[in-house]
Amino acid sequence: MGKEILTMKHISKSFPGVKALDDVEFHIYEGEVMGFLGENGAGKSTLMKILSGVYIKDAGTITLDGEPYEVNRPSEAMEKGVAIIHQELNLVPAMNVYENIFLGREPVQGGGRLKKAEMRTRARELLAMLQVNIDPDCPVSSLSIAQQQMVEVAKALSLNARIIIMDEPTDTLTTQEVHSLFQVIRRLTAANKGIVYISHRLEEIDQICDRYIVLRDGKFIGERRVAESQQDEMIRMMVGRTMEEQMSYVPAHPEGVLLYVRHLTTDDVTDISFTVRAGEIVGLAGLVGAGRTELAHALYGAAPIRQGEILLNGQDARARSPREAIDHGIVYVSEDRKSDGLILNMTVQENMTLPSLKKFTKNGRIDKAAERKATEGYVAGLAVKTPSIHQVVDYLSGGNQQKVAIAKALMTEPEVLVLDEPTRGIDVGAKHEIYELLNEIKARGKAVLMISSDMPEILGICDRILVMNEGRLKGELMRDEATQERIMEKIVEGVEA
């Protein structure tokens, strides 16, 4: 066990009408990664904002190296060696790397001129410590998300931070970029830094964390060593359910074929044929780049079809645009809800009803009462946590944004719902609610085609699984015969070494 750097005990914090934290305990150890788990709304952000000086606690004590730790603003936390890398990166795209690293703390010389050479040299040293090849003079806007993450880490190191808080740092990274970030984290812990790692991805907690803490409803549930825990215990601590209960599979009672795809070929997929019956959930499994999203785009009219048929209820459903696909009864929920699924500066109601406005339009005018009633019905039915249907979507949690995206699709009254990575980046509680929703859709005799890279999710919720690789359909597995090993076998069948 590393030396304990920071201790938070009996921390409480209330806002009008809400007790965000209630007698919470938290420890950070030198040279270790502390995973921080909990559903959205569990109190994680509030606790970290107290630690980083954004909020002031109502009760409790914090000690740093055994001495009282009291900060009233983020700059004071930075001075004491506490840095936070937010989920939404806090960089100025138009400025270059070294300017971002020292923003607000620029060294100056006589006459108030910036010591640019010194900043460049120091930035180069910090980036070299992280073993990343980034030019300190290049604009941040030219960097990948992974490289921007490294700039944020370099900024934290420039503060000589002993404690670095990482909030969902891999949310937009590729597998290789995640691997690179983990190497950086290991180098930081080898230098006796204490890392707080906030993530919904339990497999990452297993891979990179030494311990983890769980909050639920603002209360401290417990701290465990990762090596002595299983994911099932993490889930139970977070939501009070086991992993098996989390999936809540409901047996299918499928009716006739609803969607029939035959010999579908686009620029990205070749000769795809499959069916989806009314009242079932069909999973699409495969590695990144397998062609699953490209297939979904073709079904949704977002990619041109070179040849093949799409039949819905026996009728031609090939679409030249998403609007046509929706009119046919096929709707798609993108894996990137922030860029493609939602308009973040619009309200919950505006997002939900956008593709369905003609349902609420009479004589060229929108029936506001009917629009409001429909929105409130979906908010209640999907348990969307929002202060109001007029709340701007950007202010909702990831799980609630996803529910709004799904409600937006459902409001078009589709026969086939195509979901692309529907639970990516959301907490386990919101996942459970989405699984329950999919079961309800299935029970109503609709069809769901679900793309997911989460193998336990595919195996846990789907009735059948279609396996894709290199733009082709490699096989089909029924639920009772599907395993991760069988799926991988299908993926590699016929692949040249």
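Per the Cauchy relation, a quarter of the hull surface: what is the mean projected area of the convex hull of the alpha carbons in region 251-352, in nm²?
Numbers: hull surface 31.4 nm².
So the mean shadow area of the Cα hull is 7.9 nm².
Under the Karplus relation 6.51 cos²θ - 1.76 cosθ + 1.60, θ = phi - 60°, what is the ordered set of whole-Hz ³J(HN,Hα) values for region 59-72, x standing for Gly and Pro?
3J(HN,Hα) across region 59-72, in whole Hz: 7, x, 10, 10, 10, 10, 6, x, 9, x, 10, 10, 10, 10.
Which percent of the accessible heavy-atom area of region 360-447 goes to carbon and sulfur, probe 1.4 angstrom?
Solvent-exposed carbon and sulfur of region 360-447 make up 48 percent of the total.
For region 134-224, what's the radius of gyration and Dmax over Cα atoms, in angstrom?
Considering region 134-224 through its Cα atoms, Rg and Dmax are 14.4, 46 Å.
Would you pull out the residues with amide H under 5 Å of G194's amide H, same chain only if 5 or more places away, H placed 1.01 Å from N?
When sequence neighbours closer than 5 places are left aside, the close amide H contacts are G31, I163, I164.
Using mean Cβ contacts within 10 Å as the protection proxy, how do 333-343, 205-215 order, highest first?
My ranking of the peptides, most packed first, is 205-215, 333-343.
Whose amide H sits under 5 Å from the amide H of D420, counting only residues 5 or more places off or on another chain, with H placed in the peptide plane?
Amide H neighbours of D420, under 5 Å, 5+ apart: V333, E335, I451.
Per-residue counts of other Cβ atoms within 10 Å, averaged by peptide: what ranking do you get for 117-126, 55-64, highest first?
117-126, 55-64
P(r) of region 24-166 in 10 Å steps, Cα pairs, percent per bin?
Answer for region 24-166: a P(r) of 10, 37, 32, 17, 3, 0 percent.
Name the residues whose placed amide hydrogens come within less than 5 Å of the amide hydrogen of I84, ignoring near sequence neighbours (fewer than 5 apart) on the same chain.
It is I165, by chain and number.
Please compute the Kirkwood hydrodynamic radius over region 309-374, one decimal place, Å, based on all pairs of different Cα atoms. All intermediate terms of the calculation are to be shown ahead of the outcome.
Values: mean 1/r = 0.0723 Å⁻¹.
Kirkwood radius, region 309-374: 13.8 Å.
Over region 240-343, with every protein chain in place, what whole percent of the accessible area is carbon and sulfur at 1.4 Å, could you tell me?
47
Per residue, how much accessible area does the chain have with a 1.4 Å probe, in Å²?
Normalised by residue count, the accessible surface of the chain is 45 Å².
Putting +1 on Lys and Arg Cβ atoms and -1 on Asp and Glu Cβ atoms, find which of T61, G17, A94 reaches farthest to the positive end of the dipole of region 13-100.
Of T61, G17, A94, it is G17.
For region 335-346, what does the Karplus curve 6.51 cos²θ - 1.76 cosθ + 1.60, with θ = phi - 60°, yield as ³J(HN,Hα) per residue in whole Hz, taken in order and with x for Gly and Pro?
Running phi through 6.51 cos²θ - 1.76 cosθ + 1.60 with θ = phi - 60° gives 5, 9, 5, 6, 8, 10, x, 9, 9, 5, 8, 9 Hz.
With N set to the number of residues, divide the alpha-carbon radius of gyration of the chain by 2.2 N^0.38 Å and report two decimals.
1.06
Please report the Cα spread of region 406-497 along all three principal axes, rounded to whole Å, starting with the longest.
45, 27, 24 Å, listed from the longest principal axis down.
Could you tell me what percent of the accessible area of region 54-202 is made up of carbon and sulfur, with a 1.4 Å probe and every protein chain present? Present the calculation step by step, with values, prior to reporting the outcome.
Working: 3600 of 7200 Å².
With neighbouring chains kept in place, the figure for region 54-202 is 50 percent.
Loop only by DSSP, 16 or fewer other Cβ within 10 Å of the Cβ. Give me the GluC sites (Glu not before Pro) in region 1-100 that pass, ordered by residue number.
E70, E88
Under a point-charge model restricted to the Cβ atoms of Lys and Arg (+1) and Asp and Glu (-1), what is the dipole moment magnitude of region 339-387 relative to its Cα centre, in debye to the nearest 20?
With only Lys, Arg, Asp and Glu charged at Cβ, the dipole is about 240 debye.
Using the alpha-carbon centroid of each, what span in Å lies between region 20-44 and region 133-192?
Here the answer is 21 Å between Cα centres.
Quick one: Debye curve from the alpha-carbon atoms of region 61-144 only, equal weights, vacuum; give me log10 I(q)/I(0) at q = 0.14, 0.23, 0.26 Å⁻¹ to two decimals.
The calculated log intensity ratios at q = 0.14, 0.23, 0.26 Å⁻¹ are -0.64, -1.18, -1.30.
If the only charges are +1 at each Lys and Arg Cβ and -1 at each Asp and Glu Cβ, what is the size of the charge dipole of the chain around the Cα centre, to the nearest 20 debye? It would help to have the intermediate numbers written out before the result.
Working: 59 positive and 73 negative charges, 285 e Å.
Computed charge dipole of the chain: roughly 1360 debye.
Quick one: 3J(HN,Hα) in Hz for region 463-468, Karplus 6.51/-1.76/1.60 with θ = phi - 60°, rounded, Gly and Pro as x.
Ordered by residue, 3J(HN,Hα) equals 8, 9, 10, 9, 10, 10 Hz.
The values are calculated or read from the model by the stated rules, or taken from the named source; none is laboratory data. Everything numeric here is computed off the predicted structure, so don't read it as measured data. Backbone-built Cβ (ideal geometry, glycine too); neighbour counts: all protein chains shown. Just so you know, the surface numbers come from the protein's heavy atoms only, side chains and all, with ligands and any DNA or RNA stripped out. Shrake-Rupley method; radii C 1.70, N 1.55, O 1.52, S 1.80 Å.
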